[in-house]
Amino acid sequence: MIGRRALLGGLGALAVPHPAGAATPRLASLDLALTEALLTLGVTPLAVANLPLYRRLVGDPVLPEGVIELGPQQEPNLELLQALRPDRILAADWQAGGLRRVSSSFSTSFLSVFAADGDALAQAARLLRAVATLSGTDAEPIIAEATTGIADAALSVQGLDDRPVLLFRLMEDARNMAVFGSRGMPGGVLARLGLRNAWQGRQNAAGVASAGIEALASMPEARLIHFDRGAETARALSRLEVSRFWQALPALRQGRIAAMPVIYPNGGLASAGRLARQIAARLPELARHG
């Protein structure tokens, strides 16, 4: 396990002064993580891309009523943007190639969402600071609060045995799953909590891997935590009730598996803090079963 001082230093080490800004500009966001960052800073965007997806996958911070829907993240409604005339559009760097018409018509900032060095939480802090600069707000109190909250969550799981933890999401077909490795936000939270990630296989730049549920057989000692996606997850679990493989898993037989409310895996510090609290609340209970 890692100590509180090291945890507090992780995100806070990137601290830089933030000058006082002018009035908050009218901003549009074309990426879920950027929308989350704005709302985390207390800034309500003028308009966002894929508003329903934000509310379904991220949800918290809450997107207020009255925010305008711009359509798909890669194909926002240009006519609507022309009518709204935002001061600036925020987009993720991965969107740059598909948004040339947007960037040629509007002041657009493309920001790095994923961590090139694999430290998703440090990247989330950098992203929040970048969005704060563009919105005339101050990220430092929020980063400090998030860092302290994750450190507090780590204290609550100290003293547990060294069983690894697997974070995953079941696909509706009940044969496949999305697994969260070390590079993404969920893996970053596990590391900050001082927990061992059970997934040691390949993962993409966002820290996600696709695997068949048979891969669970290679992790018999792990504690399994899966994200509950509502009806989709319910259908998967219904199919698994008649799966001999699933019913024979040591984690299931020994009570080492639990569901938790879904967290957006590419989310920022708000999502990371929520995930840390959820893990801290559930893991001691799982540990009592072995």
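The values are calculated or read from the model by the stated rules, or taken from the named source; none is laboratory data. It should be emphasised that the depicted structure is a prediction, and the values quoted were computed from it without experimental measurement. When we count neighbours, we look across all protein chains shown, and the Cβ atoms used for this are built from the backbone with ideal geometry, even at glycine. All accessible areas refer to the heavy atoms of the entire protein, side chains included, with ligands and DNA or RNA removed. Shrake-Rupley method; radii C 1.70, N 1.55, O 1.52, S 1.80 Å.
Quick notes on this one:
- Rounded to 5, percent antiparallel among DSSP beta bridges of the chain: 30 percent
- With every protein chain in place, region 39-179: carbon and sulfur % of accessible area (1.4 Å): 50 percent
- Cα→Cβ-extended label distance, 7 Å offset, between Gln74 and Ser112, nm: 2.3 nm
- Remark: relative contact order (the chain) = 20 percent; criterion is Cα-Cα distance under 8 angstrom and separation of 6 or more residues.
- For the chain, the solvent-accessible area of protein heavy atoms averages 45 Å² per residue (probe radius 1.4 Å; ligands and nucleic acids excluded).
- ³J(HN,Hα) computed for each position of region 202-211 - Karplus, 6.51 cos²θ - 1.76 cosθ + 1.60, integer Hz, glycine/proline x: 5, 8, 7, 5, 8, x, 10, 10, 9, 8
- Positive-end residue, the chain charge dipole about Cα centroid, Cβ charges, pick of Phe106, Ala92, Trp199: Trp199
- Where Rh is the Kirkwood radius over Cα pairs, Rg/Rh for region 67-132: 1.01
- Normalised contact order of region 154-285, rounded percent, pairs of Cα under 8 Å and 6 or more residues apart: 29 percent
- Which of Thr40, Leu286, Ser156, positive extreme of dipole for the chain (C-beta unit charges): Leu286
- Carbon and sulfur %, accessible surface of region 187-290 computed with the full protein complex present, 1.4 Å: 51 percent
- Volume in Å³ per residue [convex hull over Cα atoms, computed for region 144-257]: 109 Å³
- Three semi-axes of the equivalent ellipsoid, the chain, Cα gyration tensor, whole Å, largest first: 35, 23, 15
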